[in-house]
Amino acid sequence: MKTIRRLIYGEVLAAIALVALGFLALFFFFDLVDELQYLGKSNGINAGDIYQIRHALLYVGLLIPNHLYELLPISVLIGTIFVMARLAQSSEYTILRTSGLGPWRALKLLLALGALFVVFSFVVGDYVAPASERAAQLLKARYQSKITIGQTGAWLKEKQAYNTYVVNVKALTPDNEMQG
């Protein structure tokens, strides 16, 4: 059973890593192309702070954990289906079945691997991604004099005893003024 576990886990981990790497490379490219419009511009406060390609690469690199958190579930699904289909196509799964690997045991193996990815996704989503997103926004604020929150901004909602207030903030300036 240890050999079968090692075979399946090795194949599935390699396929998941390949799919996730492909998606991350695609998102990295899209984000970098989006950042090219800001190259060479100064923030207006300090003339020495010019947004350069290294800043854009660092900013896009800091966005990777957030993209990983978003793409990990689909990468796990695609990678696992790919491996299981490949094992079935080459009759390896049939050989594993005749050697004692039942469907329920195979499902338990994949569920244990899935639990590992749930924990990994939790760590990335709750600890790594927010810290890197904050660092990316601070880097952008330093060179562009504003902090933006996505395309539509940040939506804030506050309920009080008799009123409800909803605010959309597109960007924050360095002196904490809301814009948009």
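Brief remarks follow.
- Residue within the stretch 5-13 that is in a helix (DSSP H, G or I), surrounded by 13 or more Cβ atoms within 10 Å (Cβ to Cβ), modelled with pLDDT of 90 or more and of a type in the set (D, E) present: yes
- Checked against the criterion of being without any contact (Cβ under 8 Å) to a residue 60 or more places away in the chain and in the same structural domain as G40 (by TED's automatic domain parsing), the candidates W155, W104 yield just one match: W104.
- Within the stretch 119-160, the set of residues being among the hydroxyl-bearing types (S, T, Y) and either part of a helix (DSSP H, G or I) or modelled with pLDDT of 75 or more (or both) comprises S121, Y127, S132, Y143.
- Residue in the stretch 56-64 that is in contact with an Asp or Glu (Cβ under 8 Å, 6 or more places away or on another chain) and under 24 Å from R6 (Cβ atoms) present: no
- S90 vs. criteria modelled with pLDDT under 85, more than 14 Å from the chain's Cα centre (by Cα) and over 26 Å from L72 (Cβ atoms): no
- Of all residues in the stretch 93-112, those that are modelled with pLDDT of 80 or more and small (G, A, S) total 3.
The values are calculated or read from the model by the stated rules, or taken from the named source; none is laboratory data. Everything numeric here is computed off the predicted structure, so don't read it as measured data. Cβ coordinates were reconstructed from backbone atoms using ideal geometry, including for glycine residues, and neighbour counts include every protein chain displayed.
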